[in-house]
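The values are calculated or read from the model by the stated rules, or taken from the named source; none is laboratory data. From a predicted model like this one, the values you see are computed outputs, not experimental measurements. Because the Cβ atoms are built from the backbone with ideal geometry, glycine has one as well, and the counts that use them run over all protein chains shown. Note: areas computed on protein heavy atoms with side chains; ligands, DNA, RNA excluded. Shrake-Rupley method; radii C 1.70, N 1.55, O 1.52, S 1.80 Å.
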Amino acid sequence: MESNIDIKELGNGQAVRAADQSEILNKISRFRKSGLKSGIFLDVILVLTILFMIFIWIYFKPQFLSTKIGIIVGILPMCIVVVVNRKITSLYRSLDEKQSNIDYLNNLLMLKGKETFMQTKVMSLYFILLSFGILLYMYEYTLNSSFTFRLIAYSVLFLWIALNWFVLRPVMIKKNRRQMDCLIRQIEKI
């Protein structure tokens, strides 16, 4: 058995299937458009929600300070998400399939880092602050209610928080990571 194996010779003898560039370019284009659409949609929804919360404050004129603080604490995480999402949307805009593969891959890796930050740190802060804001907001309106109504209202709230935190959030994170990792692997093949 010979111990001096030439790896270059082994590599030259094998046929390597070339990646279909047109298919990858189509995936890149769809990925970019999808990211832009979802980023703009998220911004619009959050801004409309902020405006609705301000409307509630003005129209219903809450009496308790806790309710007013709850509205502010509810609006704050939405503003944070809008700011971070604007940065991510600008990264999607900067993605260009006409870039060199290395530049595109670097931009994609930077985008992956920003999205990971958004999905882990920012969304955790978002859910915590929003949940606390809703709890403070609900206090005034459930204070004079029956014990049964308060129990049902807070149980539904905690179920909603648990569903978002333990089910929906992890599913969204896995889906986005899987899509990004698949695209990165394909670009690395080129």
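Here are some pairs, LYS114/LYS175; LYS27/LYS98; LYS33/LYS175; LYS87/LYS174; LYS114/LYS189; which of them have Cα atoms lying more than 19 Å apart in this structure? Exceeds cut-off: LYS87/LYS174; LYS114/LYS189.
The angle separating the long axis of helix 21-60 from the principal Cα axis of greatest extent in the chain is about 10 degrees. Solvent-accessible surface of the chain, averaged per residue with a 1.4 angstrom probe and all protein chains in place: 68 square angstrom.
What longest region of the chain stays clear of trypsin sites (Lys or Arg not before Pro) that DSSP places outside H, G, I, E and B and that have at most 16 other Cβ atoms within 10 Å? Present the calculation step by step, with values, prior to reporting the outcome.
On the way: sites that count: ARG17, LYS98.
The longest uninterrupted stretch comes out as 99-190.
The portion of the accessible surface of the chain made up by carbon and sulfur, rounded to a whole percent, is 66 (1.4 Å probe; DNA, RNA and ligands excluded). Axis angle, to the nearest 10 degrees, between helix 147-163 and the longest C-alpha principal axis of the chain: 10 degrees. Angle of helix 101-117 to the longest C-alpha principal axis of the chain, folded into 0 to 90 degrees and rounded to 10: 30°.
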